[in-house]
Amino acid sequence: MAKIIDGKKISADIKEEIRVEVSALKEQGREVTLAVVLVGEDPASQVYVRNKKKACEFVGIRSLSYELPASTTQEELLLLVEKLNRDDSVNGILVQLPLPGHIDEDEVIRAIDPKKDVDGFHPMSVGALSIGQPGYVSCTPAGIIQLLKRSDIELDGKNCVIIGRSNIVGKPMAMLMLRENATVTVTHSHTKNLKEITREADILIVAIGKTKFITADYVKEGAVVVDVGMDRDENGKLCGDVDFDSVEKVAQAITPVPGGVGPMTIAMLMKNCLTSLELK
């Protein structure tokens, strides 16, 4: 049976470390402030925003909340972002995605000052990551690296296969694994012979948004499996992109859903908020 990688515990450890750092900064008269912008009433987004506020409260980061109606125009949102860019007391700006259909997400992301882009989505943040420069790293991939390292899983020289090529997970994940000296293959919906490729992976990272898509026959005996999915099964129960029950029997280690990657994303957002002081 696989070792279960406990994202709740690891994220709690990271948040405790950040809490100590934030407290020390406050003693030096330095405060970290995160502005969170939510447009509309998407239930999942509301939960994420609530969890981000709770994490800020725990670690001692000041959070400002801007909850705007779904009818907010793109121009109004861009004006708010510009105002937050100019506000020297704000270190980080997070615009919760997805945005309502009439707003161009790409334009909004580009409008955020790269020095305040704690989500790590701005093209300048992505560019810095790709050439190994200091900057913000997308929170979910950064969290996965911490999950693996703090679980004593060797990355150097390992064969890592990533399923999914999104800008938020797949692509930055590939660059981070390269930084750790892994050999990386990125697969996606057009990949031929997916099963043959994934069965070569020492570390398999799955981020495709398909309920329990990866079963035991996709996984090499003794592989480490990281499930980034957040899906619902036929009974409405939260599950991932990996069929946990079958894969657990062949993997060396596996992340559960919930309680695996999810908690790490918010912990790494808190870490990025600390980085904002260095980049300011």
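The values are calculated or read from the model by the stated rules, or taken from the named source; none is laboratory data. All figures in this text were calculated on a predicted structure; none of them were measured in a lab. As a convention, Cβ positions derive from the backbone with ideal geometry for all residues, glycine included, and neighbour counts pool all protein chains shown.
Remarks
- The listed residues are SER138, SER63, and the only one of them that is hydroxyl-bearing (Ser, Thr, Tyr), in contact with a strand residue (DSSP E or B) (Cβ under 6 Å, 6 or more places away or on another chain) and within 16 Å of LYS271 (Cα to Cα) turns out to be SER63.
- Matching residues, segment 121-145, being in a loop (DSSP other than H, G, I, E, B) and surrounded by fewer than 16 Cβ atoms within 10 Å (Cβ to Cβ): ILE131, GLY132, GLN133, PRO134
- Candidate set: segment 58-73, residues that are of a type in the set (Val, Ile, Thr) and within 17 Å of LYS83 (Cβ to Cβ); chosen: the one surrounded by the fewest Cβ atoms within 10 Å (Cβ to Cβ): THR73
- When ALA35, ALA55 are checked against the criterion of being part of a strand (DSSP E or B), among the small types (Gly, Ala, Ser) and buried (at least 20 other Cβ atoms within 10 Å of the Cβ), ALA35 stands alone in meeting it.
- Considered as a group, the residues in segment 141-168 that are over 11 Å from the mean Cα position of the chain (by Cα) and of a type in the set (A, V, I, L, M) include one that is nearest to MET264 (Cα to Cα), and that residue is LEU147.
- Criterion violated by GLY262 - all others in (1) buried (at least 20 other Cβ atoms within 10 Å of the Cβ); (2) at pLDDT 95 or above satisfied: (2)
- Filter result for VAL118 (touching a residue at least 60 places away in the same chain (Cβ under 8 Å), surrounded by 16 or more Cβ atoms within 10 Å (Cβ to Cβ) and not aromatic (Phe, Trp, Tyr)): yes
- The set of residues in segment 14-32 being hydrophobic (A, V, I, L, M, F, W, C), more than 16 Å from the chain's Cα centre (by Cα) and assigned to a helix (DSSP H, G or I) consists of ILE18, VAL20, VAL22, ALA24, LEU25.
Table: residues versus (1) surrounded by 23 or more Cβ atoms within 10 Å (Cβ to Cβ); (2) modelled with pLDDT under 95; (3) within 16 Å of the chain's Cα centre (by Cα); (4) not acidic (Asp, Glu).
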position: GLY209; (1), (2), (3), (4): no, yes, yes, yes
position: ASP227; (1), (2), (3), (4): yes, no, yes, no
position: GLN252; (1), (2), (3), (4): no, no, no, yes
position: VAL257; (1), (2), (3), (4): no, no, yes, yes
position: ALA267; (1), (2), (3), (4): yes, no, yes, yes
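- Flag if THR198 is at negative phi and surrounded by fewer than 18 Cβ atoms within 10 Å (Cβ to Cβ): no
- Residue match in segment 36-52 (condition: touching a residue at least 40 places away in the same chain (Cβ under 8 Å), outside the structural domain of GLU82 (by TED's automatic domain parsing), among the basic types (Lys, Arg) and closer than 26 Å to MET230 by Cα): no
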